[in-house]
Amino acid sequence: MTTTEIAPAIVPDFGDEDEGRKIAFVCSKGTLDMAYPALIMASGALEQGIETHIFFTFWGMDMINKKTMGDLKFTPVGNTATHMPMALTPFPGMTTMATRNLRKSMAALNIPDVPTFLSHLSDMGCHLWACKMSVDMFDLKEEDMTDDLDGVLNVSDFIEIIAGAQTMFI
Amino acid sequence: MPLAAIADREVSVDAEGFMTEYDEWDEALAPKLAENIGLGVLTEDHWKVIHFLRSDFAENGETPTLRRVATVGAIPTKELFGLFPKKPARKMAYVAGLPKPVGCI
C-alpha cells in the first residue's frame, strides 16, 4: 500500500453551473472613486463567464460621456476616509491633487483609465446601456457617448433585460 | 500537495487541479489538459497564447491576466474568449500548466 495520493486527474470545475447567471450594475455616480467599483467587479464577473450588464444613469452618465469620461475627479471634501483634516479639504487644488494621486495608485496596479476600461469590458462581452431619461435630461446625442455603448434604454426595458440578475446600485 | 495522473504522467496539482510545478509541464501535456476541459484540438492560435503565458510567467512569476495578455502579449481579449470560451483566464492557465491568475484586471 502506498502513502502517496495519486488521483486519476483532478479537473478544475469550469462547470456550466453559472449558465444563465446574470449580474447587473447601475452606475449613478460621476466621481473617479465611484466609477471603478462597478468596472472592476464587472470584469471579474465576465471572467467567470457571467452575462454582465451596466446601466449608466444620472451622474453616472459622466462615465460614458466622451467629454467627461477621461477626466473624472476624486474629491476629499466630506470624505473622512481620506483621514485629512476636513477643514483643509475644500482648499483650492486639493481635488486636483487627490485625483492625481488616485490615478497614480490605479495606474501602478495596471488598472486602465475609465475609457480604456470600458472598451476592455466591451471586448469581454459586457453590455453597456445608457439611461433614456438621463440622456434626455443632459441633452446628449448618440455621438456624445462612448462608441462602446450597446444602446439607450428606458428603465422598463432595462428591468426586463436583467430579469433574474443579481443587481448592484452604485 | 496531491498528485494527478495526466497523460500517463504524475504531476503535482492544487486542490482544484491546476498544475503547481512550472517544470513538470511540457508541450506534450497541453493537448491532454485541453481535452480534460473539453477544449478540443489545440490550434496555432491556442499555442500562441500558451507560449505567451509560459514565458510571461517565467519572467514575472505570476500568471498574466486577460488584460496583460491583450496589452503585453498583443492577443485581443475577444479572441481569448473565442479560443477559451466562457472562462478564458482560468482555462488558458490550466492548459499552460500554471496557477490561476491572481490579478483582478
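The values are calculated or read from the model by the stated rules, or taken from the named source; none is laboratory data. Computed from a predicted structure; not experimentally measured. Using ideal geometry, Cβ is built from the backbone for each residue, glycine included, and neighbour counts are taken over all protein chains shown. Accessible surface is based on the protein model in full, side chains and every heavy atom, while ligands, DNA and RNA are left aside. Shrake-Rupley method; radii C 1.70, N 1.55, O 1.52, S 1.80 Å.
So which residues in the stretch A:17-43 are part of a strand (DSSP E or B) and over 15 Å from residue A:74 (Cβ atoms)?
Answer for the stretch A:17-43, where residues must be part of a strand (DSSP E or B) and over 15 Å from residue A:74 (Cβ atoms): A:22, A:23, A:24, A:25, A:26, A:27.
Is the stretch B:19-36 home to any residue that is within 11 Å of chain A (Cβ to nearest Cβ) and open to solvent by 60 Å² or more (accessible area, probe 1.4 Å)?
Yes, some residue in the stretch B:19-36 is within 11 Å of chain A (Cβ to nearest Cβ) and open to solvent by 60 Å² or more (accessible area, probe 1.4 Å).
Counting residues that are touching a Ser or Thr at 6+ places or on another chain (Cβ under 9 Å) and touching a residue at least 60 places away in the same chain (Cβ under 8 Å), which helices (runs of 4 or more DSSP H) fully inside the stretch B:1-97 reach at least 3? Full working, then the answer.
Numbers: elements: B:30-36, B:44-60, B:66-71, B:77-83, B:88-95.
The helices (runs of 4 or more DSSP H) meeting that bar number zero.
Residues are listed down the side, and each one gets a yes or a no for (1) more than 9 Å from chain A (Cβ to nearest Cβ); (2) within 12 Å of the chain's Cα centre (by Cα); (3) surrounded by 16 or more Cβ atoms within 10 Å (Cβ to Cβ); (4) over 20 Å from residue B:18 (Cα atoms):
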position	(1), (2), (3), (4)
B:57	yes, yes, yes, no
B:63	yes, yes, yes, no
B:66	no, yes, yes, no
B:73	yes, no, yes, yes
B:90	no, yes, yes, no
B:102	yes, no, no, no
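Can you name every residue in the stretch A:38-65 that is more than 17 Å from residue A:22 (Cβ to Cβ), open to solvent by 20 Å² or more (accessible area, probe 1.4 Å) and not β-branched (Val, Ile, Thr)? Break it down into steps so the answer makes sense when it comes.
Keep residues of the stretch A:38-65 that are more than 17 Å from residue A:22 (Cβ to Cβ), which gives A:39-40, A:56-65.
Pick out the ones that are also open to solvent by 20 Å² or more (accessible area, probe 1.4 Å) and you get A:40, A:57-59, A:62, A:65.
A:58, A:59, A:62, A:65, listed by residue number.
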